[in-house]
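A short worksheet on the structure shown next.
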Amino acid sequence: MSANAEKNIAVRRVKPEQVVINFDAERLRAPFLLRCGAFLIDYILLVCIPVIFLLLGRFYGVDGVKLLNSELSNTGWLIMLLLGLTNFVIFPMFSGQSIGKMLTGIRIVKKDGTPPTFVQLLLRHTIGYLLTALTFGLGFLFSALNQKGRAMQDLVGGTVVIYGRQKVAREITE
């Protein structure tokens with residue numbers, strides 16, 4: 001074959017796709033108390049940052065209103081904001097887990113067991129959590145009351161929180 005003929009051959013890339021074997025969301029759903037524990041770990045982690053910085057400010061002799069408007073306090077709030085963004089948006093985007101979920105062994109997946117998309121996580125963590133907060137936590141209690149173990153944020157995002165590992169096979173699609 002000539003060099004021109006070789007250039008005109010269409011190359012088709014083969015993309016591997018993850019296929020979850022025997023996934024059963026109801027069987028692998030995370031228990032309600034484990035989800036509460038993961039949320040509590042995330043909350044404690046976030047609240048500790050500004051408290052530590054306020055205590056450091058107090059240790060260095062800053063009092064009263066100056067303590068709340070000090071550079072040290074503002075730094076603590078900024079670090080808490082960045083950690084919260086990382087914990088609730090960036091970590092779940094790449095691993096399906098926040099720090100609390102990592103420590104408790106639970107994970108966010110789609111209903112079929114594959115990793116969630118960015119749009120699903122964005123819906124789950126913005127609209128879903130907002131609806132849960134507006135209902136004073138009743139949206140979170142859905143996971144304890146329904147058979148599938150899905151909270152309101154899971155219903156909005158089309159996700160489920162599982163506890164355990166699923167078998168994954170790679171299937172080649174064209």
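The values are calculated or read from the model by the stated rules, or taken from the named source; none is laboratory data. What you see is a predicted model; the values in this text were computed from it and never measured. Cβ: placed from backbone, ideal geometry, glycine included. Neighbour counts: every protein chain shown.
Which pairs have Cβ atoms under 6 Å, sit 6 or more apart or on different chains, and link a residue in the stretch 63-89 that is within 23 Å of K101 (Cα to Cα) to one that is of a type outside the set (V, I, T) and modelled with pLDDT under 90?
From the stretch 63-89, the pairs are F88/H125.
Which count do you get for residues in the stretch 96-112 that are within 16 Å of G157 (Cα to Cα) and either surrounded by fewer than 19 Cβ atoms within 10 Å (Cβ to Cβ) or hydrophobic (A, V, I, L, M, F, W, C) (or both)?
Number satisfying all stated conditions: 5.
So, V89, is that one part of a helix (DSSP H, G or I), under 28 Å from G164 (Cβ atoms) and at pLDDT below 90 or not? First the steps, then the outcome.
Working: part of a helix (DSSP H, G or I): yes; under 28 Å from G164 (Cβ atoms): yes; at pLDDT below 90: yes.
Criteria met by V89.
Matching residues to (1) surrounded by 15 or more Cβ atoms within 10 Å (Cβ to Cβ); (2) in contact with a helix residue (DSSP H, G or I) (Cβ under 7 Å, 6 or more places away or on another chain); (3) under 21 Å from I44 (Cβ atoms); (4) modelled with pLDDT of 90 or more:
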position	(1), (2), (3), (4)
L68	no, no, no, no
T114	yes, no, no, no
L123	yes, yes, no, yes
F140	yes, yes, yes, no
